[in-house]
1. Could you pull out every residue, at least 5 positions away or on a different chain, whose amide H is within less than 5 Å of the one on G505? Hs are placed 1.01 Å off N in the peptide plane, and Pro or chain starts have none.
2. Name the residues of the range 366-403 whose amide N is less than 17 Å from a point 7 angstrom out from the Cα of K271 along the C-beta direction?
3. Output the relative contact order of the chain, whole-number percent, from Cα pairs under 8 angstrom with separation of 6+ residues.
4. Over 18 Å between Cα atoms, which of K12/K64; K474/K562; K81/K208; K49/K208; K264/K294 qualify?
5. If one takes the longest principal axis of the Cα atoms in the chain, at what angle in degrees, from 0 to 90 and to the nearest 10, does the Cα axis of helix 316-326 lie?
6. Once phi is turned into ³J(HN,Hα) by the Karplus curve 6.51 cos²θ - 1.76 cosθ + 1.60 with θ = phi - 60°, what whole-Hz value does each residue of the range 289-297 show in order, with x for glycine and proline?
7. Per residue, what accessible area does the chain have, given a 1.4 Å probe and all protein chains present, in Å²?
8. Given 0.36 nm per residue, what is the gain on full extension from E221 to H481 after removing their alpha carbon distance, in nm?
Amino acid sequence: MLSNFQILDALKKAEWITDEQFQAARVHLRQVSHDLTPIEQVADLSLTKHDDSRQILDEELITKFVAHLSNIQYYKIDPLKIDVDSVTQVMSLAYAERHKILAMEVKADVIIIAVLEPENLGWVQGLEQTNRKKIIPVLANPALIKRYQREFYQLSASIKGANQTKLQADNTVGNLEQLIELKGAEEADANDQHIVQIVDWLLQYAFKQRASDIHIEPRREVGKVRFRIDGVLHDVYQLPISITHAVVSRFKILGRMDLAERRKPLDGRVKTKNPDGMEIELRLSTLPTAFGEKFVGRIFDPTVLDRDFSQLGLEPATEALWRDLISNPTGIVLLTGPTGSGKTTTLYTSLDLLATSEVNVCTIEDPIEMVDPKLNQMQVHHDINLDFAAGVRALLRQDPDIIMIGEIRDQETAQMAVQAALTGHLVISTLHTNDAPSAITRLMEIGVEPYLLNATMLGVMAQRLVRTLCERCKTPAKLDHDAWQSLVGAVDKVPVPETVYEPVGCDYCRNTGYQGRQGIYELLNVTDELKSLIHENTDLREIRRQNMKDGMNLLRISGAYKVARGITTIEEVLRVAPKATL
């Protein structure tokens, strides 16, 4: 492989870096760790590409550059697409470490193997004879090769060890600490506590892949592990069914759930740390199925508490109106949307804005999703009859200024929310409806009188999350006018864009064309004109039409603005946003 100085020189000749960057980098290279490969040493300099993109020259970019110079195929490692069982059967860990290689794909007659040293290929012939398949060496990110060498073989060894010992989960929880410290991959012992190691690997793997949910689904002979990333589920691994049950039991122990109870759904929570040391909360849930307990762990992003409105994706007018609504001293403000639509992020961002030293902000939640030191948070406990309604009743005796109710589910909770608003408090809560106007009729359906809604309701904001286009690979495309028309309908307030963007797919976004998500919003403002329409025979379409006169954007119109700005696609907005009947 090229030396670190040769890579630097090649970068300068290709005009990726300037002569000044080159000279400064030469000085710093003398101080880098010699345990790293030349690619890692150059990447550690954090050089910026000298063009309009201003990309950081990380391991991936430099690996691709070096592969082109060395006339060897470049390979982007996507761990979600690697069959760990098959690649670890190609060679032993000792062999992989000795030759600094790792199998990536095992096909019918070909094995693709990532190498750290492309100039040393003396092992190829022997491995071809052993496996009776052609070997194709490729150059991949050296940091990932070293990391997955350790992780893949440890995972494989843990599963084999668990199968051999038929490890059973311990039925005693003991004095389990609230904060579960995960072992680092380098500390794990593949011959001990096999199930613990598998769970640790799953959690750390999920954190690295930006997963929002971990699904473990038992089938007749295997258990499927899937991660939800940017709202889409990805297959990750298949575990033997006996190991699947043990892994679910391990999660139940961590979440202080009843290990012996397998006939009914259970809930729990656990706090741990990601590889960067940030505390992360997980909400755990089990569900009995035909082949055993299905497990879902929802991962709460710790950066939620540090976000501001500029990161949520609200249109300027919508953001200004929302800030105005939540700054009222009394009344009810609601957030609506299905599970996973970003309500929690918007809710905590709003509360963080409101929770100053001058006010008392109290919450009643089921469960407490993110612990925020600025808030006084209370957990629902149904076993002692502490539900939302009882919680609000207790909070009213705590001299609150702002009350957040996790969800309005029934008549009693809705009536307590109204009572709290009538007695001089700002109430913020969530509701499950398709859009903002439907919240009005939903509250009336569960028993809130129209005159009480007119007296207390300030506004309702519905939201969804759309995947955002990958900035590295999105490409301009012609507008499909029929698709645009199906998006905006009869609303003509959004200027028709001449150019939209379409997803292409690259290594950075796992060839999906999307990277990350952003919200689209529909904010209903309860104006005097709207109040006249709220009565026993309220027509939902009349409410929607009046709010559009008052300036409300439908969810699809909010999405259309993002399409016009090249943030997302028409298809993505149509996928998540319901059609509104006018």
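The values are calculated or read from the model by the stated rules, or taken from the named source; none is laboratory data. Note that the structure is a prediction, hence the values are computed from the model and not measured. Cβ atoms come from the backbone with ideal geometry, glycine included; neighbour counts cover every protein chain shown. Quick note on the areas: whole protein, heavy atoms, side chains included, nothing else; ligands and nucleic acids left out. Shrake-Rupley method; radii C 1.70, N 1.55, O 1.52, S 1.80 Å.
1. So G505 has HN proximity to G513.
2. Taking a point 7 Å out along Cα→Cβ of K271, the residues of the range 366-403 whose backbone N falls under 17 Å are 366-380.
3. Details: 1015 pairs, mean separation 47.9, N = 582.
The value is 8 percent.
4. K49/K208
5. 60
6. 10, 4, 10, x, 7, 7, 10, 10, x
7. Numbers: 27120 Å² over 582 residues.
Heavy-atom accessible area per residue stands at 47 Å².
8. The E221-H481 span can extend by a further 88.7 nm.
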